[in-house]
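Notes to accompany the following structure.
None of the figures in this text is laboratory data; all of them are computed from the coordinates on show. Fair warning: this is a prediction, and the values are worked out from it, not measured in the lab. Neighbour counts are summed over all protein chains in view; Cβ atoms, including those assigned to glycine, are modelled from backbone coordinates with ideal geometry.
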Amino acid sequence: MSVADPTDPLPGRQVALIDLLDRLLSGGVVLSGDIVLSIADIDLVRVSLRALIVSVGSEADPLGSPSLGQA
Amino acid sequence: MIDREGLTYVYAVVPDTPGLRAALSDVRGVSGSLVSLLGEHAPTEGEERPDPLAFVTSRVAQDEFDERTLKARFEDLEWLEDVARAHHEVVQTIARHDTVLPLRLATLYENDDRARGALAAQRHVFAERIALLRDRSEWGVKLYIRSTGPSEDRDGAADPGGTTTLSPGKAYLRRRRAQHSAQESHYRNAREAAQRIEALVSRFTTYRVRHPAQHGELAGPEENVLNDAYLVPDGRTESFRAALAALAADLDGVRVEVTGPWAPYSFAMPPPEPAPHGDAREGPSR
């Protein structure tokens, strides 16, 4: 069991790309801009990156998933 | 500056203040271009608009960000990372100075006028959202289960040390059983940790977004079983982090990781229609 020191300054440290993509590809306000990737093509993004980030877009609840469900 | 060849890339919605304009005056975004605030049209006479908003934008090259190129580029992880980090850098810089409502990666308009139209069309939604997000930050809380060493598992090979008198087959089964039992205990501990997190965070916030657990090449070697985002009042972040740090100290095989502060990416959108039962994307965590 380990946790980063709660007093160390997190800002400035480079964030993990996977955490960033979790937020930038599924978070943020979605507007239908003139070049639309945001809404219509999020499926495309999901497909394109499937090999790298399987998780994008899945709605699974880890607390209810088999991995934690049956020990 | 009129750049007929360029597109307007929008990073975020912000309160339009002189302080923020000054703070962003030499910040560079995607493709290294300077960002600027794109304010609203002046209010028509008699219209009340006490809190003006702006888009934070920069110019990007049309041939790099047109629809066809963009689709191809999104499969290029190196390019995607560059754009994502540049976008994030701008958003985090804003977050250090004022409330920020981040936009989804790669929101693009043909020109500033078109972008300004989009800002005007949804300014009330944006203003409400910014009011909700004010003085709060997003924190990521992830729960990992340590793998029970595949190194201990030699796949049935005989123990070269010769410390065991068991047949290779029986030794293999015994190792597998021990490994399985350790893994089960780690899962039990993870479930306990998840319950503790649930109980603990409800003291700090009612806003949670549950991201899918992380798998795949970009994820680390440990199994990620919880990938939550919480919106925490800025005055309470230290106690939030301290409480989480101590949370699973007695639970073997489990690791809690806290990331942040993040700009409120996960809380930028109003919640979708609530699910008939079960887990809403955002809402009271308990």
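Taking every residue in B:238-248, how many Cβ atoms of other protein chains lie within 10 Å of its Cβ, on average? All intermediate terms of the calculation are to be shown ahead of the outcome.
Working: counts 2, 1, 1, 7, 3, 1, 3, 6, 3, 2, 3.
The mean count of partner-chain Cβ atoms within 10 Å per residue comes to 3.
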Which angle between 0 and 90 degrees, to the nearest 10, do you get for helix B:237-247 versus the longest principal axis of chain B when only C-alpha atoms count? 10
Taking Cα atoms of region B:137-267, Rg/Rh with Kirkwood Rh, to two decimals? 1.14
Can you list the residues, at least 5 places off or on another chain, whose amide H is less than 5 Å from the amide H of B:Thr259, using H built in the peptide plane? B:Gly140, B:Val141, B:Lys142
For region B:76-93, in residue order, the Karplus 3J(HN,Hα) values (coefficients 6.51, -1.76, 1.60; θ = phi - 60°; whole Hz; Gly and Pro = x) are 9, 4, 5, 5, 4, 5, 4, 5, 4, 5, 5, 4, 4, 4, 5, 5, 5, 4
Please state, as a whole number in µm²/s, the translational diffusion coefficient that the Stokes-Einstein equation yields for chain B at 10 °C and 1.306 mPa s, with Rh defined as the Kirkwood radius across alpha carbon pairs. 71
Looking only at other chains, what is the average number of their beta-carbon atoms within 10 angstrom of each beta-carbon in B:71-82? 4
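Please sort by residue number the trypsin sites (Lys or Arg not before Pro) in region B:62-147 whose DSSP state is loop and whose Cβ has at most 16 other Cβ atoms within 10 Å.
Values: sites: B:Arg68, B:Lys71, B:Arg73, B:Arg85, B:Arg96, B:Arg104, B:Arg114, B:Arg116, B:Arg123, B:Arg129, B:Arg134, B:Arg136, B:Lys142, B:Arg146; in loops: B:Arg96, B:Arg134, B:Arg146.
Within region B:62-147, the qualifying trypsin sites (Lys or Arg not before Pro) (loop, at most 16 other Cβ atoms within 10 Å) are B:Arg96, B:Arg134.
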Expected sort for B:166-173, B:27-34 on mean C-beta neighbours within 10 Å, highest first, is B:27-34, B:166-173
Taking Cα atoms, the helix B:123-133 axis meets the longest principal axis of chain B at an angle in degrees (rounded to 10) of 40
If one takes the longest principal axis of the Cα atoms in chain B, at what angle in degrees, from 0 to 90 and to the nearest 10, does the Cα axis of helix B:168-201 lie? 40
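Going through region B:1-101, which chymotrypsin sites (Phe, Trp or Tyr not before Pro) have at most 16 other Cβ atoms within 10 Å and a DSSP loop state? Kindly include the intermediate steps, with their values, before the conclusion.
Numbers: sites: B:Tyr9, B:Tyr11, B:Phe55, B:Phe65, B:Phe74, B:Trp79; in loops: B:Phe74.
Passing sites in region B:1-101 do not exist.
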Taking the alpha-carbon centre of each part, the distance from region B:23-80 to region B:237-261 in Å is 36
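Tell me which GluC sites (Glu not before Pro) from region B:1-93 have a DSSP coil assignment and no more than 12 other beta carbons within 10 Å of their own. Mind showing how you got there, number by number?
On the way: sites: B:Glu5, B:Glu40, B:Glu45, B:Glu47, B:Glu48, B:Glu64, B:Glu67, B:Glu75, B:Glu78, B:Glu81, B:Glu89; in loops: B:Glu5, B:Glu40, B:Glu45, B:Glu47, B:Glu48, B:Glu75.
For GluC sites (Glu not before Pro) across region B:1-93 that sit outside H, G, I, E and B with at most 12 neighbouring Cβ atoms in 10 Å, the list reads B:Glu5, B:Glu45, B:Glu47, B:Glu48.
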Quantify how strongly other chains surround peptide B:207-215 by giving the mean number of their Cβ atoms within 10 Å of each of its Cβ atoms. 6
Quick one: if you take sqrt(5λ) for each eigenvalue of the C-alpha gyration tensor of region B:6-134, what semi-axes come out, biggest first, whole angstrom? 26, 16, 13
What does the helix-only formula give at 222 nm for chain B: each DSSP H stretch with n ≥ 4 adding -39500 (n - 2.57), the total divided by the residues, and the result rounded to the nearest 500 deg cm²/dmol? -11000 deg cm²/dmol
